[in-house]
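J.: Dumping the structure here so I can ask a few things about it.
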Amino acid sequence: MIPRVIATIDLAAIQHNLAQVRRYAPQSRVMAAIKAQAYGHGAVPVARALESTGVDAFAVACLEEAIQLRQAHIKTPIVLLEGILSAEEAVLAADEQFQIAVHDHWQLSLLEALPESAEVSIWFKLDSGMHRLGFPLNETASLVEILKRRPRWRFMGWMTHLACADELNNPATQQQIEKFNAALKGLPGARSIANSAGILAWPETHGDWVRPGLMIYGASPLPDRSAADLGLRAAMTLESRLIAIREYDAGEGIGYGQTYRCPERMSIGVVAVGYADGVPRILPNGTPVLVNDTLVPMAGRVSMDMITIDLRTVPNAKIGDTVRLWGEGLPAEVIAAHAGTLAYELFCGLTQRVQFVYKHF
């Protein structure tokens, strides 16, 4: 059976992108973000590819994601970025030796309720300006005192998250860096600030640990720099096939709402992919796809199972031809811009109907 929609994941590209992280931040250890199924690429195969290259740690959002990796025999240290959510999770996280990013006192209470003999590895997450999770910066000294009362706890360090690192002219990032560093002046512990945009654009954020996400998957987090410019290779290529080609006269409307009108007699192709596969319905007329290595525009609204495209520039197109939605030759960032979103959402939005194929390293 030939799949309708295939997401090909190039694991060698992911390894290459990790090498680029190390090139940009050669003095830092790397905590690769593989939460949300490795940004939609598949957490276990991505973790295996990165583990084989000696990545220093993995970052996931929650305990369920961490357990999935351990059950797949991933040995690399795993950090729970949102920490623990219950007393049960505190026990499991300690037993499995997951590192816990603690961001609030109620989480500390859960950990302090564990037996004195419990060996717990923790990070403290500080709020330097993202205003999402994290202890206030003026509490750092009191957090150190808590550590002194728990000698069996293993303190991994301090982390914060950048809110505007992709906006190079926004003063917020520099302000966050200065506030974070000032709050920790003279205090022990490793520092972790940089996300992908920080790694690429703000070298002063590199510190002891960097936490790349999007750049691991070969997409640029910077609006004015392409992935290729940054030395990154796309890890995901999403493709389907042409299943119909029809000729329509000038003025004929295409698809739901007939939002596209043929400007002349022309060929319209129908591709077997739609929003039920993860292609955003909001994509407008003119959004590019690749047919036989030629960029052609979408023509009409994205349907649940199909899109329609303008084939005037590929007169040799035929039924069964491959149509690339994003990937090599057509960056996901380009498609995301047409949808008014980010490549993250495209990657994470693929559904179970898409068949994943892995190119191994």
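J.: Within 23 Å of the chain's Cα centre (by Cα) and surrounded by 12 or more Cβ atoms within 10 Å (Cβ to Cβ): does that describe A172?
T.: Spelling it out, A172 is indeed within 23 Å of the chain's Cα centre (by Cα) and surrounded by 12 or more Cβ atoms within 10 Å (Cβ to Cβ).
J.: What number of residues within the range 300-320 are touching a strand residue (DSSP E or B) at 6+ places or on another chain (Cβ under 7 Å) and either within 22 Å of G349 (Cβ to Cβ) or outside the structural domain of I268 (by TED's automatic domain parsing) (or both)?
T.: Residues flagged as touching a strand residue (DSSP E or B) at 6+ places or on another chain (Cβ under 7 Å) and either within 22 Å of G349 (Cβ to Cβ) or outside the structural domain of I268 (by TED's automatic domain parsing) (or both) within the range 300-320 amount to 5.
J.: One residue is enough: does the range 136-144 have a residue meeting the conditions touching a residue at least 24 places away in the same chain (Cβ under 8 Å) and under 28 Å from R22 (Cβ atoms)?
T.: Scanning the range 136-144 turns up no residue that is touching a residue at least 24 places away in the same chain (Cβ under 8 Å) and under 28 Å from R22 (Cβ atoms).
J.: If you don't mind, another one. Which members of the range 189-224 meet the condition of being assigned to a helix (DSSP H, G or I), of a type outside the set (A, V, I, L, M) and touching a residue at least 60 places away in the same chain (Cβ under 8 Å)?
T.: Listed by number, the residues that qualify are P203, Y217.
J.: Anything in the range 1-52 that is surrounded by 20 or more Cβ atoms within 10 Å (Cβ to Cβ), hydrophobic (A, V, I, L, M, F, W, C) and outside any helix (DSSP H, G or I)? List them, or say none.
T.: Within the range 1-52, V5, A7, I9, A25, V30, M31, A32, A33, I34 meet the criteria.
J.: Quick one: which of R152, R70 is touching a residue at least 12 places away in the same chain (Cβ under 8 Å), over 28 Å from G213 (Cα atoms) and not aromatic (F, W, Y)?
T.: Criteria check complete, one pass: R152.
J.: Something else now. Would you mention how many residues in the range 277-327 are buried (at least 17 other Cβ atoms within 10 Å of the Cβ), within 27 Å of the chain's Cα centre (by Cα) and of a type in the set (G, A, S)?
T.: 3
J.: Sticking with this one: Keeping to the range 146-169, report how many residues are surrounded by fewer than 20 Cβ atoms within 10 Å (Cβ to Cβ) and under 28 Å from A19 (Cα atoms).
T.: Counting residues in the range 146-169 that are surrounded by fewer than 20 Cβ atoms within 10 Å (Cβ to Cβ) and under 28 Å from A19 (Cα atoms) gives 7.
J.: Which ones in the range 225-249 are without any contact (Cβ under 8 Å) to a residue 24 or more places away in the chain and either over 25 Å from N292 (Cβ atoms) or among the charged types (D, E, K, R) (or both)?
T.: Those that are without any contact (Cβ under 8 Å) to a residue 24 or more places away in the chain and either over 25 Å from N292 (Cβ atoms) or among the charged types (D, E, K, R) (or both): D229, E247, D249.
J.: I'd like the full set of residues that are farther than 26 Å from R132 by Cβ and within 25 Å of the chain's Cα centre (by Cα), limited to the range 84-118.
T.: Q97, the sole residue that qualifies.
J.: Against the conditions (1) in a loop (DSSP other than H, G, I, E, B); (2) surrounded by 13 or more Cβ atoms within 10 Å (Cβ to Cβ), where does H131 fall short? Just the number, please.
T.: Condition (2) is where H131 drops out.
J.: Also: Within the group K185, K125, which residue is at pLDDT 95 or above, of a type in the set (D, E, K, R) and buried (at least 22 other Cβ atoms within 10 Å of the Cβ)?
T.: K125
J.: Based on what the data block shows, is G329 touching a strand residue (DSSP E or B) at 6+ places or on another chain (Cβ under 9 Å), under 30 Å from D249 (Cα atoms) and touching a residue at least 24 places away in the same chain (Cβ under 8 Å)?
T.: No.
J.: Here's something else I'd like to know. What do you reckon, is F361 in contact with a Phe, Trp or Tyr (Cβ under 9 Å, 6 or more places away or on another chain) and under 24 Å from L214 (Cα atoms)?
T.: No.
J.: Could you list, in sequence order, all residues of the range 285-332 that are modelled with pLDDT under 95 and assigned to a strand (DSSP E or B)?
T.: Answer for the range 285-332, where residues must be modelled with pLDDT under 95 and assigned to a strand (DSSP E or B): there is none.
J.: On to the next question. With part of a loop (DSSP other than H, G, I, E, B) and either in contact with a strand residue (DSSP E or B) (Cβ under 6 Å, 6 or more places away or on another chain) or under 24 Å from V102 (Cβ atoms) (or both) as the only criterion, which of A163, A244 stands out?
T.: Sole residue among the options that is part of a loop (DSSP other than H, G, I, E, B) and either in contact with a strand residue (DSSP E or B) (Cβ under 6 Å, 6 or more places away or on another chain) or under 24 Å from V102 (Cβ atoms) (or both): A163.
The values are calculated or read from the model by the stated rules, or taken from the named source; none is laboratory data. This is a predicted model, so every value here is computed, not measured. With ideal geometry, Cβ positions are generated from the backbone for all residues, glycine too; neighbour counts draw on all protein chains shown.
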